[in-house]
Each structure stands twice: as C-alpha cells, then as structure tokens.
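Taking it in order: structure first as structure tokens, then the write-up.
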Amino acid sequence: MWFERLPFCDEGERRPFAKGCRPCPEHGTCKDGVLTCAKGYVRRRASCVEDREIQVHAAALLRDIKHILDTAAGKKLCGELESDMLTSEELIAELELRNPKLNVSSEKFSVAYEKALQSASSLSDVSVSFTTKGTEKCTDCRKLLYQSMSPRQYLLCTFRLFLWNHKLWVACFVLALVVAATMTVMISTMRYRWKRVDELYKQVCFARKPERLLLATPCVNEKQPFAFPKALERLQEARIAFDDGRANQAFIVDTHLRDDLLDNENQAMKTKLWALVELKMSYDTRTLKSGPKKVYNVPCDVWEWKAPLPTPTKKKNL
C-alpha cells in the first residue's frame with residue numbers, strides 16, 4: 001500500500017500526514033524516516049512488538065530467580081546463610097551456577113534479565129530494598145536487594161527445625177524409647193538364657209538315660225541335672241570347713257568342681273553338662289562365681305557359697 005511506502009516522522013511531529021510521513025509507533029525511535037525499535041522489541045510492519053524469544057527467556061529467568069531467592073531464604077532460616085538479600089550481580093552469579101551454558105554477556109540475556117527482575121519485583125512474596133551503602137549525593141552507589149518472603153526448606157533443615165522447636169517433647173520421646181529398648185533387650189536376654197537352659201537340658205536328657213541325669217523324677221517333669229544339687233552341697237561343705245578352721249579357703253576352683261562331679265563322663269558330655277550346671281548356678285543368688293584368683297600361682301575362676309548355711313534337720317525314725 002502507498003501508506004507503507006511513507007517514511008516515519010521524526011519524534012514530536014504533530015502533523016504527520018501533512019508532512020507526507022507516518023507516525024512513529026510506540027516502543028520505537030524514528031529519525032530521518034527510519035524506525036528503530038527499543039530493546040526487547042522487533043519491527044512488524046509499521047509497529048514494534050515484543051520479541052517472543054525474549055519473553056520466553058525472561059519467563060524462564062523469573063522462575064530461576066524465584067527459586068534462588070526462596071532457597072536463600074530457607075538457608076537463612078536454617079542458619080546456613082547470614083543474609084538472604086541478594087543483589088543483581090549475585091543473582092546473575094547464581095544463575096550461571098544453575099546453568100553454566102547461559103550467555104550472560106549477550107544483549108538478549110540483558111533484556112530478558114531486566115524483564116525478569118521487573119516481574120520479580122512485582123511479586124507479592126518478593127521484597128525489594130536498597131543497600132545501606134551510598135549517600136544522597138551518590139544514589140548510584142546503592143544497589144537493589146531482592147529477598148523472598150516464602151522460604152524453601154529442604155527436608156533435613158525442616159527436620160532439624162522441628163526437633164529444635166519441639167526439643168522438650170523430642171527429649172521425652174527419646175528417653176521413653178531408650179527405656180523401652182533397654183527393657184526389651186533385658187527381657188529378650190532373659191528369655192534367651194532360659195531358652196538356652198532348656199536346649200542344653202534337652203541335649204543332655206536325650207543323650208543320657210534320665211535316671212542318671214535326674215534325682216528321682218522323669219525327664220519331662222524335672223529340669224535339674226543331678227550335678228547341680230551336688231555342686232551346691234560341695235560349696236556348702238567347703239564353706240563349713242572354712243568356718244570351722246579345717247580349710248584355708250571357702251571357695252572351690254571351677255574346673256576342680258567340674259572334674260570332681262563329672263569325672264565319669266566323656267569330654268563332650270562333660271562340657272554340655274557343666275555348661276548347664278554353670279547356667280543354673282549363675283541364677284542362684286546363694287552362689288557367686290569370681291576370679292581370676294591365684295591358686296598355686298595359677299589364675300582360676302572359683303565358686304563360693306555366700307548365703308547363710310541351711311540348718312541341718314534331724315530325720316525322724318518311722
């Protein structure tokens with residue numbers, strides 16, 4: 001059309017058509033009939049429109065800037081940063097860390113970045129302020145600071161803050177957990193020991209004849225090998241002999257007591273029987289195993305009767 005062939009009027013021209021030119025469009029600068037669009041705009045016929053590529057780039061930068069500000073606010077809340085207020089230069093440095101391929105020196109980046117900062121400043125959860133540096137005569141010495149009001153916290157930081165804010169309840173819960181765990185371990189240990197007693201007894205019971213293992217009752221009803229009461233009798237006799245002055249010591253060496261009671265057994269059976277006897281004696285509060293004590297300059301574990309001696313009872317003649 002003939003209208004499109006007309007040159008553009010210089011800025012400030014009030015009567016464009018009378019001068020044989022067309023008006024200078026918005027976001028453009030006209031001089032000597034030539035239209036030059038502003039940064040971020042491209043020419044489309046007789047007007048200047050926003051560059052679509054820069055719009056997309058600015059939207060992506062806005063998302064990254066918001067994420068950086070939110071993360072900095074979260075780290076400040078967790079005590080990892082002294083300040084969560086970032087300058088424009090610091091934001092560019094963070095953007096380069098997030099995207100090393102970003103060309104921050106290009107003109108398109110500068111335009112898109114300025115648009116992204118303007119959009120970020122208009123967000124309700126982003127605060128913009130000036131640095132304290134600078135004077136009234138040198139306002140350019142001061143810089144804008146950007147700060148997020150919606151901190152982004154990672155999981156570990158959130159957990160740590162929760163523990164700190166509820167430290168009293170957490171301490172009570174941990175204490176209760178430790179007590180419960182200790183009680184569980186103690187009960188499990190006791191059950192294991194008694195189970196071990198049953199296992200050892202069954203091994204001995206099925207390996208030997210019941211009448212040689214027990215005093216006078218069947219194997220299924222009585223769980224006390226014959227060596228256990230014999231061992232108690234020997235410890236009592238050693239204690240009585242020591243109290244009467246007939247012996248120099250009140251204890252009996254562990255291996256001596258074992259070999260004395262189980263002299264007729266083979267080594268495998270002796271080991272099983274004595275393990276059962278020792279386990280039963282360890283639960284008897286009247287006996288005490290201590291050591292090592294030197295007996296003839298040889299360190300040995302010894303057994304000793306610690307409870308009051310039972311009063312002997314006279315058998316009635318029937």
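Below is a table of values for the structure above.
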{"quantity": "For region 287-297, 3J(HN,Hα) per residue [Karplus equation, 6.51 cos²θ - 1.76 cosθ + 1.60, θ = phi - 60°, Hz, x = Gly/Pro]", "calculated": "10, 9, 9, 9, x, x, 10, 7, 10, 6, 6"}
{"quantity": "Mean Cβ count within 10 Å, highest first, over the residues of peptides 65-76, 230-241, 47-58", "calculated": "65-76, 230-241, 47-58"}
{"quantity": "Computed label-point distance, nm, for sites LYS143 and VAL56 using a 7 Å Cα→Cβ extension", "calculated": "3.2"}
{"quantity": "Environment charge of ILE54, counting only residues whose C-beta is closer than 9 Å and scoring Lys/Arg +1, Asp/Glu -1", "calculated": "+1"}
{"quantity": "Exposure of SER150 as accessible area (Å², to 10), given a probe of 1.4 Å and all protein chains", "calculated": "40"}
{"quantity": "Per-pair calculated FRET efficiency, R0 = 45 Å: GLU82 and VAL34 via Cβ, rounded to 0.05", "calculated": "0.30"}
{"quantity": "Extension gain from ALA275 to ARG44, taking 0.36 nm per residue of separation minus the Cα-Cα distance", "calculated": "73.2 nm"}
{"quantity": "Listed residue pairs exceeding 28 Å between alpha carbons, taken from LYS39/LYS76; LYS19/LYS108; LYS230/LYS289; LYS270/LYS293; LYS75/LYS108", "calculated": "LYS39/LYS76; LYS19/LYS108; LYS75/LYS108"}
{"quantity": "Where labels lie 7 Å past Cα in the beta-carbon direction, separation of THR189 and GLU114 in nm", "calculated": "7.6"}
{"quantity": "Members of LYS272/LYS306; LYS115/LYS143; LYS66/LYS115 lying beyond 19 Å, as alpha-carbon distances in this model show", "calculated": "LYS272/LYS306"}
{"quantity": "Distant-in-sequence amide H partners of THR29 (H built 1.01 Å from N, under 5 Å)", "calculated": "THR36, CYS37, ALA38"}
{"quantity": "Under Karplus coefficients 6.51, -1.76 and 1.60, residue-wise ³J(HN,Hα) of region 106-112 in Hz, glycine/proline x", "calculated": "7, 5, 5, 5, 4, 5, 5"}
{"quantity": "Karplus (6.51, -1.76, 1.60) ³J(HN,Hα), θ = phi - 60°, over region 227-244, in Hz, Gly and Pro reported as x", "calculated": "5, 5, x, 4, 5, 4, 5, 5, 5, 5, 4, 5, 5, 5, 5, 5, 5, 7"}
{"quantity": "Where chymotrypsin sites (Phe, Trp or Tyr not before Pro) fall in DSSP loop in region 143-183, at most 15 other Cβ within 10 Å", "calculated": "TYR154"}
{"quantity": "Taking region 1-77 and dividing mean pair separation by its residue count, relative contact order in percent (alpha carbons under 8 Å, at least six apart)", "calculated": "20"}
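The values are calculated or read from the model by the stated rules, or taken from the named source; none is laboratory data. None of these values were measured; they are calculated from a predicted model. Note: ideal-geometry Cβ built from the backbone for every residue, glycine included; neighbour counts use all protein chains shown. In case anyone asks, the SASA skips ligands and DNA or RNA and just uses the protein heavy atoms, side chains included. Shrake-Rupley method; radii C 1.70, N 1.55, O 1.52, S 1.80 Å.
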